[in-house]
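Below: the structure, in structure tokens.
The values are calculated or read from the model by the stated rules, or taken from the named source; none is laboratory data. Note that the structure is predicted; figures quoted are calculated from it, not measured. Positions of Cβ are generated from backbone atoms using ideal geometry, with glycine treated the same way; all protein chains shown enter the neighbour counts. With ligands, DNA and RNA removed, areas are computed over all heavy atoms of the protein, side chains included. Shrake-Rupley method; radii C 1.70, N 1.55, O 1.52, S 1.80 Å.
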Amino acid sequence: MEGPYKYIRDENGKAKRVIRIGTRKSQLARIQTDSVAEKLQGLYPDIHLEIVGMTTTGDKILDTALSKIGEKSLFTKELETALERNEVDLVVHSLKDLPTALPPGFTIGAVLKRENPHDAVVLHPNNKGKSLETLPDKSVIGTSSLRRAAQLKKRFPHLEFKDIRGNLNTRLKKLDEKDDFSAIILAAAGLSRMGWGTRVSQVLDPEDCMYAVGQGALAIEVRTSDKDIVEMVSVLHHPDTVLRCIAERAFLRQLEGGCSVPVAVHTEVKDSQLYLTGAVYSLDGSDSLKETMQTSLASHIKGEEHVDERVQRVGVTANNIPSPAQDAAEKLGLDLANLLLSKGAKEILTVARQLNDAR
């Protein structure tokens with residue numbers, strides 16, 4: 001019972017260590033956090049979990065496009081401050097909200113099994129039965145993502161794209177109750193977690209729209225120094241998801257892409273091969289570079305290699321996944337980014353950033 005930990009006694013007088021989980025207050029964030037809490041409680045019945053809800057900058061600024069605010073840690077900063085001040089012990093995020101470089105002293109201690117990472121189309125009730133292809137000319141599609149808009153403008157030149165902000169509930173309300181938008185684009189995973197799968201009229205395949213780095217996966221951020229918490233959450237790591245997301249994050253970090261530039265990915269693990277497709281786009285989608293590379297994971301996963309517990313790869317600490325496999329995934333992301341950079345990706349992204357800043 002020593003140490004700085006807080007304990008409470010249950011009805012039988014048994015002491016339980018209190019673990020506080022930080023989360024954003026939105027309904028989706030709470031659903032995601034509750035699902036993680038449930039998993040942890042099932043694995044560790046002797047702990048007592050408390051959930052601490054917080055409002056982040058991204059939740060407060062609703063009248064500006066995310067890409068214009070220019071703050072990479074829009075949905076994470078307040079949560080990380082609470083983690084730093086010891087007010088919470090771990091924080092649950094959507095992995096796509098986490099920058100590829102975390103502040104010193106923090107690490108991603110778990111990346112959970114990824115849900116469908118693709119984007120989905122939710123139509124205005126009046127457009128039931130249609131698709132992006134069949135919507136009338138000049139139909140307005142709501143999305144606050146430069147990545148989605150750039151790809152879809154190129155693919156569906158007859159449509160127009162406008163910013164729409166707010167949490168999922170707000171965006172669906174804006175779609176349904178007004179006639180400003182013919183459809184909106186949202187992450188399929190969020191809709192599914194909210195139990196709104198029936199609203200999805202089409203899931204966009206990679207040919208139409210590749211997804212954001214880390215999309216569909218939940219991450220648990222912890223203090224690097226809390227070895228016992230790092231250990232506790234590490235059992236929630238899903239190996240394939242971890243390797244895919246390390247490759248994706250390494251790709252994004254090497255490109256120096258953030259919220260304000262259109263970068264998209266697609267990954268899969270098949271027959272012990274990790275495939276990574278990555279692309280960069282101009283804001284209107286007219287200029288783009290896209291390549292695919294793969295690496296073998298087979299030789300890396302077999303043996304019980306030594307794991308260096310101090311190593312973080314693009315912010316992720318995964319002590320229970322062989323280091324060589326993680327290294328191969330990280331190298332794949334770097335190599336693909338360098339290939340795109342050698343073909344002129346930097347120029348495309350620089351112009352996209354400048355145009356976005358000028359909007």
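Taking the listed residues GLU2, GLU71, GLU78, the one that is acidic (Asp, Glu), farther than 30 Å from ASN356 by Cβ and either open to solvent by 40 Å² or more (accessible area, probe 1.4 Å) or modelled with pLDDT under 75 (or both) is GLU2, with no other qualifying. Out of everything in region 86-133 that is touching a helix residue (DSSP H, G or I) at 6+ places or on another chain (Cβ under 8 Å) and basic (Lys, Arg), what residue ends up being least open to solvent (accessible area, probe 1.4 Å)? Checked region 86-133; the qualifying residue least open to solvent (accessible area, probe 1.4 Å) is ARG114. Taken over region 174-187, the criterion of being in contact (Cβ under 8 Å) with a residue 40 or more places away in the chain, closer than 18 Å to SER145 by Cβ and open to solvent by 10 Å² or more (accessible area, probe 1.4 Å) is satisfied by ASP180, PHE181, SER182, ALA187. Checking each residue in region 135-147 for being open to solvent by 10 Å² or more (accessible area, probe 1.4 Å) and under 22 Å from SER94 (Cβ atoms) picks out SER144, SER145, LEU146, ARG147. Is it the case that region 219-228 has a residue that's under 14 Å from the mean Cα position of the chain (by Cα) and over 21 Å from ALA110 (Cβ atoms)? Looking through region 219-228, none of the residues is under 14 Å from the mean Cα position of the chain (by Cα) and over 21 Å from ALA110 (Cβ atoms).
Counting the residues of region 19-48 that are open to solvent by less than 50 Å² (accessible area, probe 1.4 Å) and farther than 30 Å from ASN167 by Cα gives 1.
Filtering region 341-354 to residues that are part of a helix (DSSP H, G or I) and either loosely packed, with under 14 Cβ neighbours inside 10 Å or touching an Asp or Glu at 6+ places or on another chain (Cβ under 6 Å) (or both) leaves SER342, ILE348, THR350, GLN354.
Here GLN294 fulfils each of the conditions (1) in a helix (DSSP H, G or I); (2) modelled with pLDDT of 95 or more; (3) over 21 Å from the mean Cα position of the chain (by Cα) apart from (1).
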